[in-house]
Amino acid sequence: MANVSLKGLSKTYSGADVPSLSALELDIADGEFLVLVGPSGCGKSTALKVIGGLEEPSEGSIWIGKTDVTDYESRDRDIAMVFQSYALYPHMTVFDNIAFPLQISKVDRAEIDKRVREVADTLHLGTFLNQKPGNLSGGQRQRVAMGRAIIRQPSVFLMDEPLSNLDAKLRVRMRSEIAQIQRRLKVTTIYVTHDQVEAMTMGDRVAIMKGGLLQQVASPDDIYARPANTFVASFIGSPPMNLFRGHIDGNIVRFGSQSLPITKESLTAYPGIKDRNGEVILGLRPEDIEDARVSDDAPEASIEAEIVLLESLGADHMVHLALDAEQVHDGDRPAGDTDDLDVVRTDGVCICRFSSRSPARVGERVTARVSTDRLHFFDPETGLALR
Amino acid sequence: MAQRLKTRRQRYGHLWFVAPGLAFFLAVMIFPLVFAFGISTTNWSGLGNDLQFIGLANYAEILSYGPYYRAAFHNALIFLAIFLFQHTVGLYIAVLLNEKPRFMEFYRTVLFLPVILSLVATGFVWTLMLSPNIGLINPALQNMGLGFLASQWLSHPTSALGAVIVVTAWNSLGWAIIIYLAGLQGIPDELKQAAAMDGANTRQIFWRVTFPQLSPSFTALSVLTFIGTFRTFDVVYVLTGPLGAPNFGTDVLGTLIYRTAFGASSFSSAEIRFAFGVAMALFTMLIMAIACWGLLKVLRAREIET
Amino acid sequence: MTDTAVSPSPSRAASLRRPRPVRRAIGKTLRTAVLVIATAWVLIPLFFMVIASFKSVPEFFMNPFGLPAEWSFSNYTRAWEDAHLSLTLPNTIIVTSVSVAVSTFLSALVAYGLSRKEKKFAAGFYTLFVSGLLVPVHAIILPLFILLKAVGLFGTLFALIVPYIAMGLPLGVLVLTPLAASLPRDLIHAARMDGATEWQVFRRVVFPLLKPGLVSVSILNGVWMWNEFFIPLIIAFRPEVQTMPVGIVSFIGSYSTEWGLVFASVVVSTIPVVIAYLLMTRQFQSGLTSGAMKG
Ligand SMILES: Nc1ncnc2c1ncn2[C@@H]1O[C@H](COP(=O)(O)OP(=O)(O)OP(=O)(O)O)[C@@H](O)[C@H]1O
Ligand SMILES: [Mg+2]
């Protein structure tokens, strides 16, 4: 079947002076579901278009299976694509839209009829086959677009933000429907999104891009637990990871007036900090900080600070602690990118996720317990994880 | 499965889509145009084989050729009159139709009819209407007690040019309406509603909101009118003949070029100067191309501002 | 006239001072009056043309503008035979329909080819085609005549069809190119991904979506091709290949006082275009709305 290899793929649009895609190296296994995420304008759609043959790469090559398809026409690559705008043919009925790829390749009528009906059944489109796309709801159009892609049984699916035009509820439902369909068909899939929930829940692996450059490819858990650099660290996770300039002093890391011990686990996860005395960037996930009063055992490591803001979300509280440490921003995180929260960060604020049992109140000073086995360390110069 | 492409250029062979049209275009428009330019550099009369290469002498002659200026002046008058007419009456009627009055479809369809009528039909109908003996206009004026206004419409230079303008207006009103209507229908209602919420009255809404949005229609119509009136031939030919009677009072570039190149009944064949006529046609085309380019530049710039 | 042009807009309701009912009624009457006058101005000449075509010669001169006392069809039968309408009508239909079909189709092809803005050649070709609108027919008619004679088309209907096809292109390209460029790129991309060749993309997706523009172009080009007088006068003067306008004018030379006969032939020659226009008027309007204005 079809694994996809991108070898040094670059694309600079004519007239543009910066590449939209630089030296992309990516191997996608047969049947794998790879999610490509990144902020707006980072080159995700460009990558898909180049893979699909809608744009020519400036450099590099694309392999599907054992074939170099770089110079193939789109139609010869055996790839199907679902567009963000759905791109349904407005002058054709739903039936003809779904049947179009088969009609083009001159499959006989009876066979087309049978396959369209099968696909329509899977996607619950049976009753709409004679409608024009203009009369359908967003979710139905989305399904027609899916139907047109799967009917060909291609060896690769490309999906460009297929859910971004749907409302929140429908998006959740279609998310699992698409994932199920992909698991059943076992077709190699590259799925573009800028929604990190989709990225974390749908993919076998997640590839994160920024400014045309691949930042990290790994399983969702790995991406979350071991981000390759400060960009990935602050892009994935909601609210994002807190990053502070710190200083390693023997087996203690200090940031502002706070200090935390460096544990065995930290040394295993970040061997780069061994014997490193000096500047680092310290990363703390909000989930790894908890009100000390909530847990029973005595805190082995904690920070102490004043609560400047508290937002209650029911299940937990978002607590903003004022710290005197210098905060690091990875400026590329676009505003409004977080799904459930839109956090405005100011210098010296550490966001923590306290459980709802916490009696924390604004203005009080709290002791917050930090899970020291899950600290993150990055090089202050390069932003790379200290591995 | 697939054929590997020899070159990337072949991937989008869109030139092939242009090729058939281009072939026709080159053969029927460009080649004759080049040919015609060749003719215009000679002194060929159009008859016989007597011909000499005279370079750009024909073009030089145009510059001091009185009838050319006279004809161009008449074209300019017609253009101005039609331009004003279309952007006032035409626009107003389009605005009225856009309010969806009763019988809107009927009005719109009828008002466009003259556009699709042939010059033959237009010519005969208006010759009849304006005819001093059996026409409709003079008797009507007399019945209204305005008999002193009755006139030999096509026999006085001023009223004949006026008649040409009226018939041209009759023939082209449909264009103005349909183009402005297309523009009006493209304006979102929210825009006007928002302006109304902001306290604008209907007059202000029209001039501040609606009219600026009509810029593309204004541009398209102005350019069309310009091209149409400066190429006008049929209407004049049918109403007042190839001489632009009376006494060249309605002579336009189209009739001047026509009778110079092909002759008119009262012209003796000695006066036919085909090469000179062609030179005038090409010269006019050049001037019009430049004018259109300038017109578009000015109008487009205005569109961006608004 | 201009000043009164500023009282439109359906959003009158939002204005604080509503005009009083009397003023509104007067305004409405005035606006209706404008429409009625304009319509009458257009319609009255046409009406008298039709009326006159049913009158005999003496009746016409007795009463040129009244209804005919006796509706006579003799003008029509005579026009049909003596003016050779039985010959020139089929010629005109063939020439116009073939030219319109081919020219519109070629325009659509060109428009698709040029609508891909990233191609460098597009802007230049677009200007070239559109400036065809300025080419003076008087200047090119003789070279055209020579050319048609040289390739042996002279004396056949193709002598008109071939030039008409080319002369329809400027308008076709002008209207259709912006329309094709405004089609969502994703649609074309989707068709390519679905396995379509460039030709299939055009045939199955682009061409059907250009339909409103195709109708507008067909009507606009069809009308002038149907009515064209000068080109066939020079190129198709032989009766077998004559089209109606030339046929009528050359026939009328000898009967010019028989207005009834003249108008009967004019009516016959006009009716087909009017019918075509009436059938397609709605699509015609929407094609103009979406296409030409953006060019
Ligand atoms: N046809 C084009 N010509 C020139 N530049 C382009 C073109 N298409 C995209 N770009 C540029 O390339 C960069 C990447 O664009 P791309 O569409 O791939 O972003 P994206 O990651 O898909 O963003 P989004 O999430 O907003 O869809 C952008 O800076 C964009 O401006
Ligand atoms: Mg995108």
Cross-link pairs A:210/A:264; A:106/A:132; A:44/A:106; A:11/C:211; A:66/A:169 - those with Cα-Cα distance over 29 Å: A:210/A:264; A:44/A:106; A:11/C:211; A:66/A:169
Among A:259, A:302, A:137, residue whose mean-square fluctuation peaks in a GNM of chain A (springs only between Cα atoms under 10 Å): A:137
Helical segments meeting 18 Å axial Cα length and Kyte-Doolittle 1.0 threshold in chain B (DSSP H): B:66-85, B:104-116, B:157-185, B:215-230, B:274-305
Chain C: DSSP helices with Cα axial extent of at least 18 Å and average Kyte-Doolittle hydropathy no lower than -0.5: C:21-52, C:85-114, C:137-150, C:158-181, C:211-227, C:259-290
Choice from A:53, A:15, A:211 with maximal GNM fluctuation in chain A (Cα, 10 Å cutoff): A:15
Separation between Cα centres of the range B:185-206 and the range A:179-233, rounded to whole Å: 48 Å
For residue B:258, net neighbour charge (Lys/Arg +1, Asp/Glu -1) across residues whose Cβ lies under 12 Å away: 0
Other protein chain Cβ atoms within 10 Å, averaged over every residue that makes up B:202-208: 5
Residues B:299, A:163 arranged by fewest to most Cβ contacts within 10 Å: B:299, A:163
Helix-only CD estimate at 222 nm, as mean residue ellipticity for the protein assembly as shown, using -39500 (n - 2.57) per DSSP H run (n ≥ 4): -15500 deg cm²/dmol
Mean separation of Cα contacts under 8 Å (6+ apart) over length of chain B, as relative contact order %: 25 percent
The range B:66-305 shape via C-alpha gyration tensor axes, a/c threshold 1.5: oblate
Neighbour-count ranking [beta-carbon atoms within 10 angstrom, fewest first] of A:114, A:66: A:66, A:114
For the range A:122-136 and the range C:164-223, distance of Cα centres in Å: 27 Å
Partner chain coverage, peptide C:163-171 - average Cβ within 10 angstrom: 4
Value of relative contact order over the range C:45-104, rounded to a whole percent, pairs C-alpha under 8 Å and six or more apart: 26 percent
For B:187-195, mean number of other protein chain Cβ atoms within 10 Å: 2
Relative exposure of B:50, C:194, judged by other C-beta atoms within 10 Å (fewest first): B:50, C:194
Hits among aspartates and glutamates - C-alpha to C-alpha of residue C:149 under 16 Å, sequence gap 8 or more where chains match: none
Distance between the range A:57-100 and the range B:240-256 - C-alpha centres, whole angstrom: 63 Å
Rounded to the nearest 20 debye, dipole of the range C:28-125 from Cβ charges on Lys, Arg, Asp, Glu: 840 debye
Chain A: relative contact order as a whole-number percent, Cα under 8 Å and 6+ apart: 16 percent
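The numbers here are math on the coordinates, done by the rules we state, and not lab data. None of these values were measured; they are calculated from a predicted model. When we count neighbours, we look across all protein chains shown, and the Cβ atoms used for this are built from the backbone with ideal geometry, even at glycine.
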